[in-house]
1. Which of (1) open to solvent by 10 Å² or more (accessible area, probe 1.4 Å); (2) part of a helix (DSSP H, G or I) is the odd one out, the single condition residue 81 does not satisfy?
2. Report yes if residue 2 is open to solvent by 10 Å² or more (accessible area, probe 1.4 Å), under 15 Å from the mean Cα position of the chain (by Cα) and either at pLDDT below 95 or farther than 30 Å from residue 264 by Cα (or both), otherwise no.
3. Go through the range 222-278 and report how many residues are under 13 Å from the mean Cα position of the chain (by Cα) and of a type in the set (S, T, N, Q).
4. Return yes or no: is residue 100 within 30 Å of residue 200 (Cβ to Cβ) and either crowded, with 22+ Cβ neighbours inside 10 Å or under 18 Å from the mean Cα position of the chain (by Cα) (or both)?
5. Taking residue 58 and the conditions (1) at pLDDT 95 or above; (2) within 15 Å of residue 232 (Cα to Cα); (3) buried (at least 17 other Cβ atoms within 10 Å of the Cβ), which numbered condition does it fall short on, given that it satisfies the others?
6. Can you tell me how many residues within the range 105-116 are modelled with pLDDT of 95 or more and either surrounded by fewer than 21 Cβ atoms within 10 Å (Cβ to Cβ) or of a type in the set (A, V, I, L, M) (or both)?
7. Are there any pairs with C-beta distances below 7 angstrom linking a residue in the range 94-113 that is closer than 12 Å to residue 6 by Cβ to a residue that is β-branched (Val, Ile, Thr) and open to solvent by 20 Å² or more (accessible area, probe 1.4 Å), with the two at least 6 apart or on different chains, and if so which?
8. Between 39, 70, which is open to solvent by 30 Å² or more (accessible area, probe 1.4 Å), among the polar types (S, T, N, Q) and modelled with pLDDT of 95 or more?
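The values are calculated or read from the model by the stated rules, or taken from the named source; none is laboratory data. Since the model is a prediction, treat every value here as computed from it, not as a measurement. All Cβ positions, even for glycine, are placed from backbone atoms using ideal geometry, and neighbour counts span all protein chains on display. Each accessible area value is taken on the protein alone, full model and side chains, heavy atoms only, with ligands, DNA and RNA left out. Shrake-Rupley method; radii C 1.70, N 1.55, O 1.52, S 1.80 Å.
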Amino acid sequence: MISTYVRRLRLATELLTLRQQRHMSSEALARAAGLPRTTVSRLENARMRPHPDDVIKILDQLGVTGDARTKVVAIASQAGERGWWDATTNVMGARQALYANLEAGATSIREYQMTLLPGLLQTADFAQARASADTADWSAHFDPRRAVEARLKRQRLLHRPGGPRYDVIIDELAVRRPAVATSVLRDQLLHIAHHSETDPKITVHVLPVDQRGAGHTVPRSGFSIYTYPDSDPTIVAVDTVTDDLILTKPADVAHYLTLYDRLVEAALSGDQSLRLLRETADTIPQRTGQAA
């Protein structure tokens, strides 16, 4: 799998750079290629799924040949593909589909979760409880059951050969706040602890509420950082109440890379975090019918 979103960003950079190197305006290029000016603009801004014929027309007018041409055509082909999330966006939710897209092909994922436990480590019961509770996010075709299925499908990438390294910082508030029934929360905390302990590609840190970060840095929201192979850009997704802010500018990304490093320094170690998760789970009653 590969992120078609990130490939569109890479294609946009390649096309814009090639055009600027030839000192050609987007209007002139569009006229020469016989394309609407909006098509050239949207391709250079990664705002449309590319059609290979359009990209080839642009490369023809820019005089791009050889390996450079082959590279751009390959990127355009990948950017135009459809991932599994495209077929289920309506029922799984557009925001989850975006994250599935960003996760595809990533070599590493780093997250800070402020208010909820991380989606890539959620149990089916926890995911179901949250999907059923957040009715304000439902679209006309949203299906909580299918949303949970999609979340579990996203989690498989962590365990496939060549899957990404996953590092997550969880705010202690998210660990202790009962966002679901207590029995579901108990199992969820133990689930996170288990994966943190047994999977060498997964690292979990808990950020204590009484810990002071460098410069008293306090994140205003949760965020995720995605890195990719080749020359694809590093992406930051910032979680807001109603939408997700996608950052690609190097200066913006660098800010969050620094912030993440500061949060790691302020967080508990892996062993300490594991102990806190298990101790918190032990204070929660087990499901009815389970042995004490």
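1. Only one criterion is unmet by residue 81, namely (2).
2. So residue 2 fits the description; yes.
3. Total satisfying the criteria: 4.
4. yes
5. Status for residue 58: all satisfied but (2).
6. Looking only at that region, the number is 4.
7. Within 7 Å, the pairs are 104/2; 105/2; 106/227; 107/227.
8. Result of the check over 39, 70: 70.
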